[in-house]
1. Taking the range A:51-65 on its own, how many of its residues are assigned to a strand (DSSP E or B) and within 13 Å of chain B (Cβ to nearest Cβ)?
2. Could you tell me whether the range B:170-182 includes any residue that is within 11 Å of chain A (Cβ to nearest Cβ), of a type in the set (Asp, Glu) and more than 27 Å from B:PHE277 (Cβ to Cβ)?
3. Test A:VAL87 against the stated conditions and say whether it is assigned by TED's automatic domain parsing to the domain that holds A:VAL24 and either touching a Leu at 6+ places or on another chain (Cβ under 9 Å) or of a type in the set (Asp, Glu) (or both).
4. Just name the residue that is surrounded by the fewest Cβ atoms within 10 Å (Cβ to Cβ) out of those in the range B:74-86 that are out of contact with any strand residue (DSSP E or B) (no Cβ under 7 Å at 6 or more places or on another chain) and without any contact (Cβ under 8 Å) to a residue 24 or more places away in the chain.
5. Checking A:PRO89 against (1) without any contact (Cβ under 8 Å) to a residue 40 or more places away in the chain; (2) more than 30 Å from B:GLU305 (Cβ to Cβ); (3) touching a strand residue (DSSP E or B) at 6+ places or on another chain (Cβ under 8 Å), which single condition isn't satisfied?
6. Could we say that B:VAL118 is crowded, with 17+ Cβ neighbours inside 10 Å, within 24 Å of B:ALA6 (Cα to Cα) and assigned by TED's automatic domain parsing to the domain that holds B:ILE80 here?
7. Mind listing whichever residues of the range A:200-211 are more than 11 Å from chain B (Cβ to nearest Cβ) and either buried (at least 21 other Cβ atoms within 10 Å of the Cβ) or part of a strand (DSSP E or B) (or both)?
Number of protein chains: 2
Amino acid sequence: MRPDFAKRRKKLKNLLEKKGIDAVLTSNHEDIYYYTGYTGLREDRIFMIFPVEGEPKLIVTPLENEAEIKYGNVVFMDEIKDFLEEVKPFKTLGYDEKYISVILFRELEKLSIKLEPVGKILEIPRMIKDSYEISQLKSAIGVTKKVFDKLGSELAGKSEKDMADQVGIEFRKHGVTEAFESIISSGIQSAFVHHKPNEKTIKRGEHVLVDIGCRFGMYCSDITRIFGRLDRRGRKICEDVREIHDMIIDNIRSGVRYEDIEALQKRLFERKGYKVFHNFGHGVGLSVHDPVSNILNVNEVLTVEPGIYIKNVGGFRIEDMVLVKKGKAEVLSESIKVD
Amino acid sequence: MRPDFAKRRKKLKNLLEKKGIDAVLTSNHEDIYYYTGYTGLREDRIFMIFPVEGEPKLIVTPLENEAEIKYGNVVFMDEIKDFLEEVKPFKTLGYDEKYISVILFRELEKLSIKLEPVGKILEIPRMIKDSYEISQLKSAIGVTKKVFDKLGSELAGKSEKDMADQVGIEFRKHGVTEAFESIISSGIQSAFVHHKPNEKTIKRGEHVLVDIGCRFGMYCSDITRIFGRLDRRGRKICEDVREIHDMIIDNIRSGVRYEDIEALQKRLFERKGYKVFHNFGHGVGLSVHDPVSNILNVNEVLTVEPGIYIKNVGGFRIEDMVLVKKGKAEVLSESIKVD
């Protein structure tokens, strides 16, 4: 099964034509892969021009001398002026305002072409996942389950960083890499939403929040579970999180507004006397934080991750990945269980 | 041993005052760490304002609720307008043109303040490494040596990707992460300078180019070695690369111009009938590609990495990290040997 890249470009072309844009320039690896199938080293600076008429052109440095074989329609740039030559012919150039650097943007401004930010347009076709993408996402979740299963219940004595290293090793054993820096936070440190794992040793009786994900091929997983023993208060908070999590999922289906689910989360939290720290969830796909529609469509994939954080007590978050359907959403990560 | 962050900020302040800049805005994690010691999760969007007068201010989203404890002088931003409030008081704002997004830049342009790109000024203090940094870089090289030692001489039958996974696992076993996506290229695929490891199996009699590095604490290593058996032609090319590599290192000392070493590499390559594909080397430190001075100073750390690439034959690169001294440069990675 190979994605239909031409079909994806067709969708993009239709969106661009409506806006009167002649070509789009991006350096976002995920969009370049999505529309053409080209992948390079993650750190390399690569650019793609998508003209409304004709084939996309890849622009790389001479270090990417494999690109001609892997892709074909390639221009090698030595300096920024080689690059500018390529965009000059267009009257209205769309650019990806999230990924193009200010250095390049200021050079583009000097050309006599009209510039339009189109980051949000590039995202639209990516929102609804095709069958290839759903299968890749399921594979990413499958590997993540194996890693969760390996973490075991005996965590006392390890440091958060030891666990993060273990997660990294287990993912690599399955031939995949971490999609993001793991959040592993124990005891009261788990009250910090984006805690960076540190040398703190996990004590007996402490709970551990584990928020991890991998990149399988090009597709990401993003799952959170709570490990370890909970005291009575912790158990109560976890039950509340679980209840809110389940009620959010019960309300996800095609045709529902994202902001209505956000409002639902807020009501559920406040009814129980908790403060909302973050959104209920986000899209997930080629990037860990993928775009999501205002009104959900069948075959969008989202995380649902309500979290309760109480200073000097701890943080409790449960995160699953769900597939939007006409009826009840399918919880793709349902089989990931922690004792 | 803890770096003297205040001393680093003093250097930056002097540079900014000379240019008439009141404050600098950056979202580069490495600069933020370098000048303050603050580290967050790698993927998080964080900002720092360095005013010429007063303490640097960290700007984060509410998800970074640990920042107050880890750093102190923190502003939480919900929306871009909260952020703009913080920079408004300055007459002339320096911004990091490599790291600030175009979205933010266009908002800054709407304010009645003067904007100056200062990415290159932020880099200047980072060029010369202090004793803490040199010790961290040596530790990063030490771990990289252990990983090279583990790769073994029997590579036939493994795929390039298997080897990349093995490198990732070995680094994590030592509590460090890869500083960049490993380049592991075998046989004729090694002629592609920035080859992404793939499923190709390494055959008996093929050589393998291994370009890897780790991040130890915050500091990076970047080393390349050639593994495997070479035929007569391969041996000859490797001898040529080695000779050029050694002659470049012989010419590195404080007071020498970077571009003169570049010109030397070009002469050495052309004399032997080879084409130059890339620079002789780059700075290395908090980032894999760290800034380097036009005229080298004592205690700059550079890579030296001449590479010869011949289509349908292969690529041969040797990369070491060297410490600039008054006399002959010290090859920090000298002990990394491959049979």
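The values are calculated or read from the model by the stated rules, or taken from the named source; none is laboratory data. A quick note: this is a predicted structure, and the numbers were derived from the prediction, not measured. Note: ideal-geometry Cβ built from the backbone for every residue, glycine included; neighbour counts use all protein chains shown.
1. Of the residues in that region, 1 qualify.
2. Yes - at least one qualifying residue is present in the range B:170-182.
3. The answer is yes for A:VAL87.
4. Step by step, filter the range B:74-86, then rank; the result is B:GLU79.
5. Failed condition: (3).
6. Yes, satisfied.
7. Residues satisfying the conditions are A:THR201, A:ILE202, A:GLU206, A:HIS207, A:VAL208, A:LEU209, A:VAL210.
Per-residue answers, yes or no, for (1) closer than 23 Å to B:ARG215 by Cα; (2) buried (at least 21 other Cβ atoms within 10 Å of the Cβ); (3) not assigned by TED's automatic domain parsing to the domain that holds A:TYR309:
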site: A:LYS150; (1), (2), (3): no, no, no
site: A:GLU160; (1), (2), (3): yes, yes, no
site: A:GLU170; (1), (2), (3): yes, yes, no
site: A:ASN198; (1), (2), (3): yes, no, no
site: A:ARG229; (1), (2), (3): no, no, no
